[in-house]
Amino acid sequence: MLNIVRAEHLKWRRTFIPKLVWLAPSIALLLCVALMGGIDVQNGSYNWWYTLFLPGALSLVCSLALQKDAKLKYRGLLALPFTPGTLWTSKILACTGWLLTTLAVFLIGITAGGLLFGQTIPLMSSLAGSALIFLTFLWQIPLCLFLAARFGLFAAVLLNMAGTIVGVVQFDRGGLWDYIPYTITARLMCPVLSILPNGLPVPADSPLRSTDMILPGTLVSLGWFAILFLLTTLWFRRQEAK
C-alpha cells in the first residue's frame, strides 16, 4: 500500500497539489495580517483557515488527484495489478497525507504569527485545534473524490464550499444539525480556541464553551468518514465492470 501511495505522490509532481500544501495556509495567514494589521492574527487566521481556505484547497486537491485518471475513465488505473478498493484507498491516504502536511504548515505559521504579533491562542489549544480540524475534515476526502469523479473539478469545489457555508451558518442550531458533518468543525473550535466562526470571542457564559461536545462531535465526524469511505469504495469497484 505504501508504494501505491508513493506512486500517487509521483503523479502530483507536475500538478498544483504540492504548491497548495504551503500556498493555502500562507495566503490565509498573510491575508489576515494585511487586513487586520497584525491585531488578533491568530484568531482571524483560524477563522479564514477552517471556514474558507482549507475546505476550498482540500476540494481542489481531491479533484486534481483524480483528474487524469477520470479523463481516461480509470482504464490505466484499473489495469494495475491491484484491486479497485486498494487503488481507491491509496488515493484517500495520499490526500490524507496532504491534509496532515498542510495543517502542520499552518500550525507553524500561526505559532510564528503569535510570536510576532502577540499570542491570543495558547500553543496547546492551537495544537488541539489543528488535531480536531484534521479529524473532522477527514470525511471530506472520500466525498470530494467522489464528487470530482462524478461531476468534475468545479462542481466538486462548489458543492463542498456550499456545504461548508451552510455548516458555518447553522453550526449552533443543535438538533439534527449536530450530526451534519459540515457543522462540526466550527462547533468544536468554540471550546478549544474560544472563537466563533466569524472570528469573535465566544461569550464567557455561552454553552458553546462546553468541552462536552468535543468527543461526540469527533466520533460523528469519524463515523461519516467510515460511511463515506465504504460507500465510495463500493462505487469505485463498480467502475471496473464498466
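The values are calculated or read from the model by the stated rules, or taken from the named source; none is laboratory data. Please read all numbers here as calculations on a predicted model, not as lab measurements. Neighbour counts run over all protein chains shown; Cβ positions are idealised from the backbone, glycine included. Surface accessibility is based on the protein's heavy atoms, side chains included, excluding ligands, DNA and RNA. Shrake-Rupley method; radii C 1.70, N 1.55, O 1.52, S 1.80 Å.
Just a few scattered comments:
- Criterion: charged (D, E, K, R), modelled with pLDDT of 90 or more and open to solvent by 70 Å² or more (accessible area, probe 1.4 Å) - qualifying residue of Lys19, Lys73, Lys11: Lys19
- Pairs with Cβ under 6 Å, 6+ apart, first in the stretch 207-231 and within 19 Å of Gln140 (Cβ to Cβ) and touching a residue at least 40 places away in the same chain (Cβ under 8 Å), second polar (S, T, N, Q) and not in a loop (DSSP other than H, G, I, E, B): Ser221/Thr136
- From the options Leu138, Leu193, Leu158, residue that is more than 21 Å from Ser26 (Cα to Cα) and touching a residue at least 60 places away in the same chain (Cβ under 8 Å): Leu138
- Between Leu228, Leu215, Leu208, the distinction of being open to solvent by 40 Å² or more (accessible area, probe 1.4 Å) and part of a helix (DSSP H, G or I) belongs to Leu215 only.
- Checking each residue in the stretch 172-205 for being outside any helix (DSSP H, G or I), of a type in the set (A, V, I, L, M, F, W, C) and modelled with pLDDT under 95 picks out Ile195, Leu196, Leu200, Val202, Ala204.
- Every residue from the stretch 185-242 that is under 14 Å from Tyr46 (Cα atoms) and among the basic types (Lys, Arg): Arg187
- In the set Asn198, Asn160, only one residue is surrounded by fewer than 16 Cβ atoms within 10 Å (Cβ to Cβ) and within 23 Å of Val105 (Cα to Cα); that residue is Asn198.
- The single condition among (1) at pLDDT 95 or above; (2) open to solvent by 10 Å² or more (accessible area, probe 1.4 Å) that Leu116 does not satisfy is (1).
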